[in-house]
1. Scan the range 58-80 and tell me whether some residue there is part of a loop (DSSP other than H, G, I, E, B), among the small types (Gly, Ala, Ser) and touching a helix residue (DSSP H, G or I) at 6+ places or on another chain (Cβ under 8 Å).
2. If you go through the range 321-338 one residue at a time, do you hit one that is in contact with a helix residue (DSSP H, G or I) (Cβ under 6 Å, 6 or more places away or on another chain), assigned to a helix (DSSP H, G or I), at pLDDT 95 or above and more than 17 Å from residue 90 (Cα to Cα)?
3. Of all the residues that make up the range 32-47, how many are out of contact with any Leu (no Cβ under 7 Å at 6 or more places or on another chain), modelled with pLDDT of 80 or more and surrounded by 13 or more Cβ atoms within 10 Å (Cβ to Cβ)?
4. Could you tell me whether the range 168-191 includes any residue that is surrounded by fewer than 16 Cβ atoms within 10 Å (Cβ to Cβ) and either under 30 Å from residue 34 (Cα atoms) or of a type in the set (Phe, Trp, Tyr) (or both)?
5. Filter the range 303-318 down to the residues that are outside any strand (DSSP E or B), over 20 Å from the mean Cα position of the chain (by Cα) and touching a residue at least 40 places away in the same chain (Cβ under 8 Å), then identify the one that is farthest from residue 340 (Cα to Cα).
6. Which condition number does residue 155 fail, the rest of (1) in a loop (DSSP other than H, G, I, E, B); (2) touching a residue at least 60 places away in the same chain (Cβ under 8 Å) being met?
7. Could you give me the residue pairs with C-beta distances under 8 Å whose first residue belongs to the range 212-233 and is without any contact (Cβ under 8 Å) to a residue 24 or more places away in the chain, whose second residue is surrounded by 24 or more Cβ atoms within 10 Å (Cβ to Cβ) wherever it lies, and which are 6+ apart or on separate chains?
8. Mind telling me which of the residues 205, 171 ends up being outside the structural domain of residue 227 (by TED's automatic domain parsing), of a type outside the set (A, V, I, L, M, F, W, C) and either touching a His at 6+ places or on another chain (Cβ under 9 Å) or not in a helix (DSSP H, G or I) (or both)?
Amino acid sequence: MTKSQYAAAGVDLRVAEASKQRIGRLVAGTRTPLAVGAVGAFGGMVRVPAGMRQPVLVMSTDGVGTKVLVAREMGRLDTVGEDLVNHSVNDILVHGARPLAFQDYVAGAGLTVDEIADLVEGVARGCRAHEMVLAGGETAQMPGLYQPGHFDLAGTIVGVVEEEEALHGDRIVPGDVLLGYASTGCHTNGYTLARHILFDVLKLRVDQRVDELDTTVGEALLAVHRSYAAAVRPVLGLVHGIAHITGGGIPGNLVRVLPAGAEAVVRGGSWPVPALFRMLQRAGAVSDEEMRDVFNLGVGLIVALPPSAVDRAQAQAREVGVETWVIGAIHPGAPAVRFS
């Protein structure tokens, strides 16, 4: 099959080559002293930081789900790349790990050079913010599998932590305080339900301003997934356990870090639920239970720590502009999350 036939079938190699050149420049801008090898090689390489006694690599793979549909409708693709990185950084922060390297995967059909570059620019921006190497990735044009102009975005992060300092949740004990860290919105979860309520039930447009939200629908939905690295890393030595509140909400994620003999009791009303979630619940007639299972409800991260460490943790969060609230405590009992 000739190149022109391949392009007619939906894959333009000239676009692919131009995209590689743009991406190469973005990747080069994330290089750190730990980077090894050439940009554009078949595999990305990164050194483990020197001086570590028993380094453990921490890896996680995730995507941004149907938030990409909102980005496409808005014609703004760079922020979902930043979402992807921040989500991944938070996932390994749960274990006390610092990020080393990232790889992204963009799959779609009929994407232009500029659209691909915008997606990767967001990823690169997130990597630079965390002094992390964008060690490589893949861009795949797959017409027939994706409708023209549609795409998916995913990525893999590699971090490192000293084995003796790694957090698993086993240090959590009754008497620990649950400290909730403010989210910026839906982050990267619950968009299928949010989109249904806003676009199908309420018949809103992405560019429509809503007074209750004090912004447009699209801007509210595209608010970038917050990274909690700067708020939490300086106080990791005080922390007994961390839960990143993603799909499954507070009950589905906090329970994942609870050891035997520890029940998490979360106090309803102990933090202000943002207007977006209140609007979604009211317009969609969604029960409290389902709201808790689908959305973060304004709490993007929960840290379990002793009462004596709360002031220090909150001061660090305030220093980097993240609001926090004491939202509950650990009680004796079987591992579970209960709302009071």
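The values are calculated or read from the model by the stated rules, or taken from the named source; none is laboratory data. Predicted, not measured: the structure shown is a model, and the values here were computed from it. With ideal geometry, Cβ positions are generated from the backbone for all residues, glycine too; neighbour counts draw on all protein chains shown.
1. Yes, some residue in the range 58-80 is part of a loop (DSSP other than H, G, I, E, B), among the small types (Gly, Ala, Ser) and touching a helix residue (DSSP H, G or I) at 6+ places or on another chain (Cβ under 8 Å).
2. no
3. Result for the range 32-47: 2.
4. Looking for residues that are surrounded by fewer than 16 Cβ atoms within 10 Å (Cβ to Cβ) and either under 30 Å from residue 34 (Cα atoms) or of a type in the set (Phe, Trp, Tyr) (or both), one finds at least one in the range 168-191, hence yes.
5. 316
6. For residue 155, the exception is condition (1).
7. Going by the 8 Å Cβ cut-off, the qualifying pairs are 217/198.
8. Only one candidate passes the filter, namely 171.
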